[in-house]
Amino acid sequence: MEWPTTTHEGVAIQEQLRGRVIVADEDFPLRTVAGVDAGFEQDGTVARAAVVVLSFPDLAPVAHALARSPALFPYIPGFLSFREAPAILEALAMLDIPPDLLICDGQGIAHPRRLGIASHLGVLTGIPAIGCAKALLIGRHDLVPDERGGRAALIHRGEQIGYVLRTRPGVKPVYVSPGHRVSLDRAANLVMSCITRYRLPETTRYAHNLASHGTIPQPRKRP
DNA sequence: GCGACAG
DNA sequence: ATCTTGTCGC
């Protein structure tokens with residue numbers, strides 16, 4: 001697989017792959033959900049990608065993989081996948097069995113050319129994917145109800161591209177959008193299914209911890 | 001031309 | 001993303 005060197009080449013690849021993105025509620029087995037994330041070392045020249053597979057809907061870790069590889073593309077809003085996807089694909093390839101669903105730390109179709117990292121990874125792997133970002137890239141939305149599950153449609157150029165979702169009362173919302181093979185509503189509902197007692201889904205939390213601390217935290221002891 | 005701008 | 005201590009609030 002070839003990766004771009006310039007944003008110009010990047011745009012061409014994104015416009016080419018966007019035609020393969022499927023935004024619809026497809027039928028697929030859902031026994032495992034994977035969180036994917038990336039971290040960096042050496043002044044951002046080396047990427048560390050982590051994938052943690054959880055059973056669904058139990059959300060118990062069942063497998064994981066960690067990959068390190070040189071980061072060849074700089075971080076430029078709108079081109080995140082060219083910086084992180086190479087390492088993430090390596091980590092995914094290390095798994096014995098591919099997960100049924102990917103929840104990525106970034107946007108899905110809520111992207112200028114409708115190909116955020118979740119959609120990009122979804123198309124390249126064929127695995128259903130969802131984008132769950134901590135911040136807005138594009139789009140506008142109304143106020144989000146301050147209650148668990150509260151949501152507001154994310155709109156861009158007159159079309160809905162995702163949901164701004166309040167996973168817990170009193171916290172900043174997350175930006176959820178379909179990556180591949182899932183609908184707008186199912187994307188938001190699935191993210192909520194991965195929420196326990198924190199702002200971010202367990203998938204993202206596990207992957208982030210593995211990528212940055214190299215560890216998989218233990219589930220909280222239930223009172 | 002002036003802002004906005006995932007991680 | 002990453003560099004870093006204490007601090008505010010439930």
Flagged pairs (Cβ under 7 angstrom, 6 or more apart or on separate chains; first in segment A:65-78, of a type in the set (Ser, Thr, Tyr); second within 15 Å of DNA strand B (Cβ to nearest atom)) are A:69/A:47; A:69/A:86; A:69/A:87; A:75/A:83
Going through segment A:27-44 in order, the residues found to be closer than 14 Å to residue A:190 by Cβ and either within 16 Å of DNA strand C (Cβ to nearest atom) or small (Gly, Ala, Ser) (or both) are A:34, A:35
Of A:152, A:211, A:188, the only residue that is part of a helix (DSSP H, G or I) and touching an Asp or Glu at 6+ places or on another chain (Cβ under 7 Å) is A:211
**Request:** Scan segment A:95-114 and give yes if some residue there is surrounded by fewer than 18 Cβ atoms within 10 Å (Cβ to Cβ), over 29 Å from residue A:139 (Cα atoms) and within 13 Å of DNA strand C (Cβ to nearest atom), otherwise no.
**Result:** no
Filter pass, residue A:161 being open to solvent by 60 Å² or more (accessible area, probe 1.4 Å), of a type in the set (A, V, I, L, M) and not in a loop (DSSP other than H, G, I, E, B): no
Being within 16 Å of DNA strand C (Cβ to nearest atom) and within 19 Å of the chain's Cα centre (by Cα) narrows A:24, A:47 down to just A:47
(message) Quick check on segment A:16-28. Is at least one of its residues part of a helix (DSSP H, G or I), in contact (Cβ under 8 Å) with a residue 40 or more places away in the chain and either aliphatic (A, V, I, L, M) or under 30 Å from residue A:215 (Cα atoms) (or both)?
(response) yes
Would you check if there is a residue in segment A:189-211 being open to solvent by 40 Å² or more (accessible area, probe 1.4 Å), more than 16 Å from DNA strand C (Cβ to nearest atom), modelled with pLDDT of 95 or more and in contact with a strand residue (DSSP E or B) (Cβ under 6 Å, 6 or more places away or on another chain)? no
Counting only residues in segment A:129-148 that are assigned to a loop (DSSP other than H, G, I, E, B) and in contact (Cβ under 8 Å) with a residue 60 or more places away in the chain, the one surrounded by the most Cβ atoms within 10 Å (Cβ to Cβ) is identified as A:137
Problem - Test: residue A:149 is under 19 Å from residue A:57 (Cα atoms), in contact with a helix residue (DSSP H, G or I) (Cβ under 6 Å, 6 or more places away or on another chain) and not hydroxyl-bearing (Ser, Thr, Tyr) - result: yes
Within segment A:162-186, the residues that are away from DNA strand B (no atom under 12 Å from the Cβ) and touching a Gly at 6+ places or on another chain (Cβ under 7 Å) are A:166, A:178, A:180, A:181, A:184
Scanning segment A:187-201 residue by residue, the ones that are within 16 Å of DNA strand B (Cβ to nearest atom) and more than 24 Å from residue A:27 (Cβ to Cβ) total 3
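The values are calculated or read from the model by the stated rules, or taken from the named source; none is laboratory data. Only a predicted model underlies this, so the values are computations on that prediction, with no experimental measurement involved. No Cβ is skipped: glycine too gets one built from the backbone with ideal geometry, and neighbour counts run over all protein chains shown. Surface accessibility is based on the protein's heavy atoms, side chains included, excluding ligands, DNA and RNA. Shrake-Rupley method; radii C 1.70, N 1.55, O 1.52, S 1.80 Å.
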